[in-house]
1. Mind putting a number on the dipole of segment 186-267 about its Cα centre? Charges go on the C-beta only, +1 for Lys and Arg and -1 for Asp and Glu, and I need it in Debye to the nearest 20.
2. What list of ³J(HN,Hα) values in whole Hz, one per residue of segment 219-226 in order, does the Karplus curve 6.51 cos²θ - 1.76 cosθ + 1.60 (θ = phi - 60°) give from phi, with Gly and Pro shown as x?
3. Is the C-alpha gyration tensor of segment 177-240 telling us rounded, prolate or oblate? Criteria: a/c under 1.5 is rounded; beyond that, a/b larger than b/c is prolate, otherwise oblate.
4. Give me the one-decimal Kirkwood hydrodynamic radius in Å for segment 144-281, with the sum taken over alpha-carbon pairs.
5. Probe of 1.4 angstrom, ligands and nucleic acids ignored: what's the accessible area per residue over the chain, in square angstrom?
6. Bin by bin, in steps of 5 Å, what percent of the Cα pairs in segment 5-74 do you find, going until the bin that has the longest distance?
7. Please report, as a whole percent, how much of the solvent-accessible surface of the chain comes from carbon and sulfur atoms (probe radius 1.4 Å).
8. Using per-residue counts of other Cβ atoms within 10 Å, averaged over each peptide, order 138-146, 86-94, 295-303, 26-34 from highest down.
Amino acid sequence: MIILTNNEGKSGIGTTARLLREGRAALDAIEAGVRLVEDDETVRTVGRGGWPNLLGEVELDGSVMDGSTLRTGAVGGLKGFRHPVSVARQVMERLPHELLIGDGAARFAAEIGEERGELLADHSRKAYQRWFDGEVSPADRANWPDVPLTPYCQNAVDPEIGKDTTVFLALDAAGHIATGTSTSGWGWKYPGRLGDSPIIGAGAYADTRYGACACTGAGEMTIRAGTARAVVLYMKMGMSVERAVKEAVDDMRALKGGLISRVTIHAIDARGTHYVAAVNGLPTNHYWVWLPGMPEPESRPCEIIQISEDRPQDKPTAMKVYTDV
Ligand code: ASP
């Protein structure tokens, strides 16, 4: 057994570990843990308390994947519901589809009785107002929101503060592997922007035969590189979990132009070995792991791999910070 989550998953990993110890299925244990993170307002990038988009609305993305059936469920741009991970789970359980977005996702959530909630917490509302007052021109304020948003998209929030996600990967006592993700995506994103968290194969992938991978950070990069699926495929081809992640990092070196920023790649194999690399990360980047025999989950540093050094033009630019963290 193993449970791996990123730093944002701290408030949920204890419950997930307890459920795994009690013999519960990986997917159930993951869903329970992610729900706690979604309800934790101090996590500024997931569920209630997450950052809003350029219009001040919180749009949530999330997914689950059952590595034993290769069934998935995902939602993108979901507004007004507290637990995107559970809506995603029900997409998997009840529909012949794998991904719902926007109004359709909200309609489905209402239809199955999912809990509604105000997602914009006070601290996010204030941060958004500071951004609006500081950046939006008087002419655009007069016509807001019927103005071009593209110029504002370039000057949003510091990418290291304004984005993150929670990802959970687990191997249960019966040998089943699953993943779960949940995020508000980037703060001040263009409305309708999906990151990698609901994109199976980019932000998450699980296959009980080989292992699982889930990513946080710049979803734009993992979508382009197909990172999560690539890592699992590299394990299928015989690479160790660490080698597979490093191979996927090499794939990222081929990305030209577009956004190049931080991506953290979390991976486990079918034996419960794990490896976490923070691409363009900081020494402060940590993850959480629980293994049998550990009384409590442990926080450990990610291995840092820089892929920007040889291409200084791709280094993330410093942007103004409108958050109060
Ligand atoms: N991967 C998420 C996204 O692209 C955000 C993050 O983890 O930083 O929406």
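The values are calculated or read from the model by the stated rules, or taken from the named source; none is laboratory data. Because the structure is a prediction, the values reported are computed rather than measured. Counting neighbours? That spans all protein chains shown, and the Cβs are built from the backbone with ideal geometry, glycine included. For the accessible areas, the whole protein counts, side chains as well, though only heavy atoms, and no ligand, DNA or RNA atoms are used. Shrake-Rupley method; radii C 1.70, N 1.55, O 1.52, S 1.80 Å.
1. The calculated dipole for segment 186-267 is roughly 120 debye.
2. x, 4, 6, 6, 5, 5, 9, x
3. Because a/c hits 1.5 or more and a/b exceeds b/c, segment 177-240 counts as prolate.
4. Computed over segment 144-281, the radius equals 15.4 Å.
5. 40
6. With a bin width of 5 Å, the distribution comes to 4, 16, 21, 22, 18, 11, 5, 2, 0.
7. Looking at the chain in its full context, I get 52 percent from C and S.
8. So the order, starting with the most tightly packed, is 26-34, 86-94, 295-303, 138-146.
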